[in-house]
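A quick write-up on the structure given underneath.
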Amino acid sequence: GEGTWMLSYEIESEKYMSYSPTPIPVEVKEGDTTVAQDIALNTLEGIIRGQVQDPDGNPVPDIQVWVRGPLDKKTGKSSFEAQVITDWNGRFEIFVPYLERPAGRGKPRGWGQGYSTGTTSQNCAWLTGSAQEKCYKSAAQQSTWPYNNKRSSDEREDELILTLRKADTALKGKVFAEDGKTPVKEAYISAYSGDGQRAEGYTDANGEYSLQIARADTPEGNIWTIRAAYKPTGKDAYYRSADVSHDISGTETDVDLTLASAGTLPPTEAYEFQVANGWLHTLSDGSVINIPGYGVRTQQKTVKIVIEPRIKGLPDTVNDRTLAYGYAIKLYEKESRKEITEKFEKPSTITFAYKDDILKALGVQEANLRPAYFSDMVQNWQPINAFTSDTSGNKITFRTDHFSVYALVEAVSEGEPGDMDGDGTINLKDIISVLQVCTNDSQSVSLKADVNGDGKIGLPEALYIFQNLAGTLTN
């Protein structure tokens, strides 16, 4: 039909990005039977190499390393993301779009200033005794410039060393019901730090929680954001606390959380269908699952699908904040009752619906929404980069070759020098924030806004912002 269509693509290539970083608008006019659209692929001419080590300097295999950085070097609005697993010697190698290092700049800082790189690691909350002694938290995120991949692989003078950290302290507290007095057991706790560390767990019979974490060497690494979520057994209502920020650099590591009503969860749904016919269904919240005929890889004619809404086991991270709830989607063979875990013969399509009032309540920017699935292997969110967004209909659609735990997440911008409020833009509001800081008026600002690496916000930041707005900024 006529109108504006949003085009995306997926390819398998080591030379080009495998997906479109932003949907490509295509105008279709009345009477058009064919519309041509050229696609400019993003080349992967840069490379980031390095090694993951434990606190004693030993290489650590089988750790996920992720990289994230801007494609639009001026605004950082579109981004590149990739993940790899370290080899037997803890080494990793990630091909990325090449960014030319601006003249006169040293180590990059912040979003738009190179690539951020970090790791995921074990969740120490589930381990006890000697097992916990070998459990390390994520390495601190680092910013780096890639170098051209035409260079010899033996040249490693600018490689990254990502050092995992030992969990040497605990983030503790209690979770209370809406009355602020009644402790809540089995509430889910999710926490993350400003440098990429995360932790999760549950409250005990007394409503208390304790998360093993590592102290950091930087101020931002010691700032933790904590929240709680809870669904009473046998009820549809669910509850969520506000996000609470806490600095663990001192002696106080206790953070209490109070739940508030967050709405009603959709019911769990289960259906059987013929593999040959496929399956199309709209869930109670408006989300849609579309499985094509012969799309499921199985020898049986009939399968069962179970769609369970979840609020537990959906951890927030410094890069991704979950929106309300997610869905655990599973397929089973009817006769054997065996779960089908093989990849699909044909991709299935999922459309997630969302509500504006939820975005407003959580302070989520609609432009930052994207789908993701939770990987049990690396215990982290895996972004789905090829998707289409219908902001007028409040829907996001994507294709997948397997079912898992899916959710909409907010891709959190890391901010950039001069961006005081971390909203991704530099404007007059940032000038006002700097001046308020200079006059000792307490303000919440992003540490990434520091322009000269002195760990302070002051007149250099004000000058930088003025020059940026005037278009006179030089290297």
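The values are calculated or read from the model by the stated rules, or taken from the named source; none is laboratory data. These numbers come from a predicted model, not from an experiment. As a convention, Cβ positions derive from the backbone with ideal geometry for all residues, glycine included, and neighbour counts pool all protein chains shown.
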**Study point:** Top-ranked residue of the range 156-173 - restricted to ones that are in a strand (DSSP E or B) and of a type outside the set (D, E, K, R), ranked as modelled with the highest pLDDT
**Key:** Gly173
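Residues are listed down the side, and each one gets a yes or a no for (1) assigned by TED's automatic domain parsing to the domain that holds Arg49; (2) modelled with pLDDT of 90 or more; (3) hydroxyl-bearing (Ser, Thr, Tyr):
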| residue | (1), (2), (3) |
| --- | --- |
| Asp154 | yes, no, no |
| Phe176 | no, yes, no |
| Asp179 | no, yes, no |
| Glu186 | no, yes, no |
| Ile189 | no, yes, no |
| Arg198 | no, no, no |
| Asp204 | no, yes, no |
| Ala216 | no, no, no |
| Gly221 | no, no, no |
Point to revise | Residue list for the range 253-297, filter: assigned to a strand (DSSP E or B), more than 22 Å from Thr203 (Cβ to Cβ) and either touching a residue at least 60 places away in the same chain (Cβ under 8 Å) or of a type in the set (Asp, Glu) (or both) | key: Glu269, Glu272, Val288, Ile289, Asn290
Practice item. Might you check whether a residue that is assigned to a helix (DSSP H, G or I) and over 20 Å from Gly196 (Cβ atoms) occurs anywhere in the range 366-387? Key: yes
**Study point:** Failed condition for Val318, given (1) under 20 Å from Gly196 (Cα atoms); (2) surrounded by fewer than 16 Cβ atoms within 10 Å (Cβ to Cβ)
**Key:** (2)
Practice item. Output the residues belonging to the range 207-226 that are surrounded by fewer than 23 Cβ atoms within 10 Å (Cβ to Cβ) and either under 15 Å from Asp254 (Cα atoms) or in contact with a Cys (Cβ under 6 Å, 6 or more places away or on another chain) (or both). Key: Gly207, Glu208, Ser210, Gln212, Arg215, Asn222, Ile223, Thr225
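Rundown of residues vs (1) under 26 Å from Ser116 (Cα atoms); (2) part of a strand (DSSP E or B); (3) at pLDDT below 75; (4) out of contact with any strand residue (DSSP E or B) (no Cβ under 6 Å at 6 or more places or on another chain), yes/no style:
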{"site": "Gly1", "(1), (2), (3), (4)": "no, no, yes, yes"}
{"site": "Met6", "(1), (2), (3), (4)": "no, yes, yes, no"}
{"site": "Ser13", "(1), (2), (3), (4)": "yes, no, no, yes"}
{"site": "Pro25", "(1), (2), (3), (4)": "no, yes, no, no"}
{"site": "Thr33", "(1), (2), (3), (4)": "no, no, no, yes"}
{"site": "Asp38", "(1), (2), (3), (4)": "no, no, no, yes"}
{"site": "Leu41", "(1), (2), (3), (4)": "yes, no, no, no"}
{"site": "Arg49", "(1), (2), (3), (4)": "yes, yes, no, no"}
Exercise for review: May I ask you to say which residue of Gly207, Gly234, Gly250 is without any contact (Cβ under 8 Å) to a residue 12 or more places away in the chain, among the small types (Gly, Ala, Ser) and over 27 Å from Leu162 (Cα atoms)?
Suggested key: Gly234
Review point. What residue, among those in the range 326-362 that are touching a Gly at 6+ places or on another chain (Cβ under 8 Å) and farther than 15 Å from Gln299 by Cβ, is surrounded by the most Cβ atoms within 10 Å (Cβ to Cβ)?
Key: Ser348
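Table: residues versus (1) free of Cβ contacts under 8 Å to residues at least 24 places away in the same chain; (2) under 19 Å from Arg310 (Cα atoms); (3) touching a Ser or Thr at 6+ places or on another chain (Cβ under 9 Å); (4) of a type outside the set (S, T, N, Q).
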| position | (1), (2), (3), (4) |
| --- | --- |
| Thr341 | no, no, no, no |
| Thr351 | no, yes, yes, no |
| Asp357 | yes, no, no, yes |
| Gln365 | no, no, yes, no |
Review point. Only one of Arg68, Arg91, Arg101 is closer than 21 Å to Arg165 by Cβ and modelled with pLDDT under 85; which?
Key: Arg68
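Every residue, every condition in (1) more than 30 Å from Gly393 (Cβ to Cβ); (2) touching an Asp or Glu at 6+ places or on another chain (Cβ under 9 Å); (3) aliphatic (A, V, I, L, M), yes or no:
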| position | (1), (2), (3) |
| --- | --- |
| Tyr230 | yes, yes, no |
| Val244 | yes, yes, yes |
| Glu252 | yes, no, no |
| Ala262 | no, no, yes |
| Asp320 | no, yes, no |
| Ala328 | no, yes, yes |
| Lys334 | yes, yes, no |
| Arg337 | yes, no, no |
